1. State the Cα centre-to-centre distance between region 99-175 and region 185-245 in whole Å.
2. Ser204 versus Ile181, label points 7 Å from Cα toward the beta carbon: distance in nm?
3. With contacts defined as alpha carbon pairs under 8 Å and 6 or more residues apart, what's the relative contact order of region 167-267 in percent?
4. Which FRET efficiency value, to the nearest 0.05, do you get for Ile267 and Ala144 by plugging their Cβ-Cβ distance into 1/(1 + (r/R0)^6) with R0 = 22 Å?
5. Please list 124-133, 204-213 highest first by mean number of surrounding beta-carbon atoms within 10 Å per residue.
6. Please give, to one decimal in nm, the separation of the simple spin-label points placed at Glu258 and Met61, each 7 Å out from Cα toward the Cβ.
7. Quick one: dipole size for region 79-235, taken about the Cα centre, charges +1 on Lys/Arg Cβ and -1 on Asp/Glu Cβ, in debye to the nearest 20.
8. At 7 Å along the Cα-to-beta-carbon direction for both Leu165 and Thr243, put a label point, then send me their distance in nm to one decimal.
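The values are calculated or read from the model by the stated rules, or taken from the named source; none is laboratory data. All of these numbers come straight from a predicted model, not from anything done at the bench. Quick reminder, even Gly has a Cβ in these numbers, built from the backbone with ideal geometry, and neighbours come from all protein chains shown. Just so you know, the surface numbers come from the protein's heavy atoms only, side chains and all, with ligands and any DNA or RNA stripped out. Shrake-Rupley method; radii C 1.70, N 1.55, O 1.52, S 1.80 Å.
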Amino acid sequence: MMRRIISGKRLSSFLIAAVAFALLTPAITLAGEKEKISGEITMATFSQYISRGQELSRHSMAVQPYLGASYGGFTLGLWGNWDSAPYDLAGGAAANAKWNEFNYTFSYGRSFGDLYLEGGYNYIDVIDAEDSQELIFKIRWDAAVTPEFTLYREVGHSSFWYASLKLSHQIKLGEKAALDISGSVSYLLGTDDARYPRIDAGGSRMSESFRNFHDGNITVGLPVALTSQITAKPTLSYVFPLTDDARQEMKWRSYRGEDNSFVVGGISLTYSF
């Protein structure tokens, strides 16, 4: 699971795409008389990398840069994960720091009053594991308490469904700071018991796919505007299983085979343009 130092080819592709963003920004801005390109550059650091209830790092620092640009409803995004000390499953010792995942996303979204709809594609380039591809559909209602439903469909090899329903709310703390509160629940529908098996109480794989509510997430963030374009945001998240099936599955996937809930702290710095 993601255990090979990133090749020069992958790193070069990521850097080339990042440079392309910078070069195309002024050209696209001039091409449209009314439309202007917008986007963000984010550098985030977390105490652990947890994705959809799965523990993907331990006893290390996860650094996750993101570069995204939008134009006319279309968005192109680049995201990466760097682990300061990847956990060695065999020996239990930390390995050398490395890049171990890149995501390339492309989406189109449009607002209809307070209703926002988005469809997209995500290519997940995982080091030392099979790459994955996802189709994504999102629907959001912008209100005081914002509900957002996101559906992921893996189309590369596992062909699973993952659905998430999130509620979020922001409390203003003056002109430059706010308190972000969000909570989400998810449902995982596996179609391949080899990839997403159901796990029994003894920690053994069963010959059936996981099909149940999966992980919950409660996150508190404190965004602070440092300038008109730069925002710092510390966050604290609690990730936990929603069902007994999820408790066994998340425990089985954890590095020590003991944990099924996680507390993750982090901070991000975002430049918006």
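1. Distance between centres, Cα-based: 14 Å.
2. It is 4.5 nm.
3. On the way: 216 pairs, mean separation 23.7, N = 101.
Worked out over region 167-267, it gives 23 percent.
4. Working: r = 27 Å, r/R0 = 1.21.
The pair Ile267/Ala144 has a calculated efficiency of 0.25.
5. Details: 124-133: 15.7, 204-213: 14.1.
Highest-to-lowest ranking by the protection proxy: 124-133, 204-213.
6. The modelled label-to-label distance comes out at 2.6 nm.
7. Roughly 520 debye, rounded to the nearest 20.
8. 1.4
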